[in-house]
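The structure appears below as structure tokens.
Since every read-out is calculated from the coordinates, none of them should be taken as a lab result. Keep in mind that this is a model prediction, so the values were computed, not measured. Cβ: placed from backbone, ideal geometry, glycine included. Neighbour counts: every protein chain shown.
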Amino acid sequence: MAEVAYNRGKTRLANGSTNGATSDLRMLVIAGASLPAGWSNADLNTVADLDAVTGLDIHTERIALASLTVTQDDTNDRANLDAANVVFAAAAGVTARAVVIYDHAAGGSDSARYLICGSSTGLPQPMDGGLTIAIADWARLT
């Protein structure tokens, strides 16, 4: 899924501060008329940093990732971090431009909720009838 892996998220996964199987990981939607280039800057650290990108609009609904797993894949020589598909409610007039996974439990406010990864693959999509994000390994460590 990841087309951007944020540096802070990579660091937190590597040092164990964020656990791919047990942390409170959530997904948010970047909405709006367009997707600002700055959303995929790997140097962004927090949801607050993301929200401060000029022209970026974060949709209000944030969904907890369920069925988190980490598996060793000897066939492909990697570790896979997976979760169940994420389903967002219908939101008339809202267009999803990208999705971002972040560590919600890291802090009590968006300034302490650390970004992990994001993707705009398969988007934009109108959310008038809801939005389902199919996750096939939200991260792969090679």
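Here are the numbers:
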item: Share of Cα-Cα pairs in region 4-141 lying beyond 20 Å, as whole percent; result: 43
item: Cut-off 11 Å between beta-carbons: net charge of the residues surrounding D49, Lys and Arg +1, Asp and Glu -1; result: -1
item: Whole-Hz couplings from phi, Karplus 6.51/-1.76/1.60, listed for region 90-102; x for Gly and Pro; result: 4, 9, 4, x, 9, 10, 7, 9, 7, 10, 9, 9, 9
item: Lys, Arg +1 and Asp, Glu -1 on Cβ, resulting dipole of the chain about Cα centre, debye, nearest 20; result: 140
item: Per-residue HN-Hα couplings for region 19-35 [Karplus 6.51, -1.76, 1.60; θ = phi - 60°; Hz; x = Gly/Pro]; result: 9, x, 10, 10, 6, 7, 8, 9, 10, 10, 10, 8, 10, x, 6, 8, 10
item: Added length on full extension, which subtracts the Cα-Cα distance from 0.36 nm per residue, A37 to D24; result: 2.0 nm
item: Local net charge near A91, Cβ-Cβ under 11 Å (Lys/Arg +1, Asp/Glu -1); result: -2
item: Label-point separation, A66 to T121 (7 Å along Cα→Cβ), nm; result: 2.3
item: Nearest-0.05 FRET efficiency for D73 and A52, computed from C-beta distance (R0 41 Å); result: 0.65
